[in-house]
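*Asks:* Before I ask anything, here is the structure I am working with.
The values are calculated or read from the model by the stated rules, or taken from the named source; none is laboratory data. Please read all numbers here as calculations on a predicted model, not as lab measurements. Positions of Cβ are backbone-derived with ideal geometry, glycine not excepted, and every protein chain shown enters the neighbour counts.
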Amino acid sequence: MELRGKNAIVTGAASGIGRSIALRLAAGGADVAILDVDKSNATAVAGELRQTGQRAIAVAVDVANATAVSTGVEQARHELGNIDILVNSAGICTFASFSDMTEAVFDRMLAVHLKGVFLCCKAVLPDMLAAGYGRIVNLASVAGLNGGGPALVHYAAAKGGIIGFTKALAQEVGPAGVTVNAIAPGLVDTPMVRASGMADAFVQQVAQRVPVRRVGRPEDIAAACAYLVSAEAGFITGQIISPNGGGYM
């Protein structure tokens, strides 16, 4: 994967999957802007990226806020240059039974995941359209394909929306040289998942159910993303790649 001369934005890269993706892109030669609500951890990750010899910045952004996204992308553009790669990895993970789910909980889930993808794509696409080149990767979930399970109606709806959004946008911007794909991971062991209250026993149960007999690691998702943002993936768009260990086929 050769990304030298490319500028990337990775949202939600202060930890977990986003962090691994940012590290992988920097290792390939890209300069990276991290947009995350957690400025402290984002700054630490940016420091890790700079140790690879690449430029990296951290910008505090709530991707559900249009003004924050516009300001954050403009800062990234000012410090790095026009944006060639966008990875929408920002997300939240909460569990709520449908009977107990409040409108606020549902709205926040869709705002961070689906509206966040919309806002970031809107802010970055002008650079890509002007250049006649761009790579967008949206982090969905296997829950958007199979419903996820109990207490995940809001999460599955948000991730399913990202899948539809990805396919539609890919059709619209493909003629301009921009590809848009999604990654729909199975269960990946991340700080966000652990913080959601998911029990270790449940994680182990999932590991024993999938053919590869383990849950995902952030690096598994970063590897898939690295290919999708590369020049070699120019004939792939509107696709949903699901690294899930064979749990969903």
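*Asks:* Can you tell me which of (1) of a type in the set (Ser, Thr, Tyr); (2) within 21 Å of residue 92 (Cβ to Cβ); (3) modelled with pLDDT of 95 or more is the one residue 190 doesn't meet?
*Replies:* Unmet condition: (3).
*Asks:* Additional query: Just wondering, is there one or more residues in the range 128-140 that are within 26 Å of residue 223 (Cα to Cα), part of a loop (DSSP other than H, G, I, E, B) and under 18 Å from the mean Cα position of the chain (by Cα)?
*Replies:* Yes.
*Asks:* Could you tell me which residue of the range 218-238 is farthest from residue 25 (Cα to Cα), considering only residues that are touching a residue at least 60 places away in the same chain (Cβ under 8 Å) and assigned to a loop (DSSP other than H, G, I, E, B)?
*Replies:* 238
*Asks:* Would you mind finding the one in 36, 31 that is buried (at least 21 other Cβ atoms within 10 Å of the Cβ), charged (D, E, K, R) and touching a strand residue (DSSP E or B) at 6+ places or on another chain (Cβ under 6 Å)?
*Replies:* 31
*Asks:* From the list 49, 119, 86, which one is over 14 Å from the mean Cα position of the chain (by Cα) and surrounded by 15 or more Cβ atoms within 10 Å (Cβ to Cβ)?
*Replies:* Checking each option against the conditions leaves just 49.
*Asks:* Let me confirm something: among 44, 68, 56, which residue is closer than 26 Å to residue 232 by Cα and hydrophobic (A, V, I, L, M, F, W, C)?
*Replies:* The unique qualifying residue is 56.
*Asks:* What is the one condition in (1) on the phi < 0 side of the Ramachandran plot; (2) over 18 Å from the mean Cα position of the chain (by Cα) that residue 179 does not satisfy?
*Replies:* Among (1) on the phi < 0 side of the Ramachandran plot; (2) over 18 Å from the mean Cα position of the chain (by Cα), the lone unmet condition for residue 179 is (2).
*Asks:* Here's something else I'd like to know. Restricting to the range 146-162, give me the number of residues that are buried (at least 18 other Cβ atoms within 10 Å of the Cβ) and assigned to a helix (DSSP H, G or I).
*Replies:* The total comes to 10.
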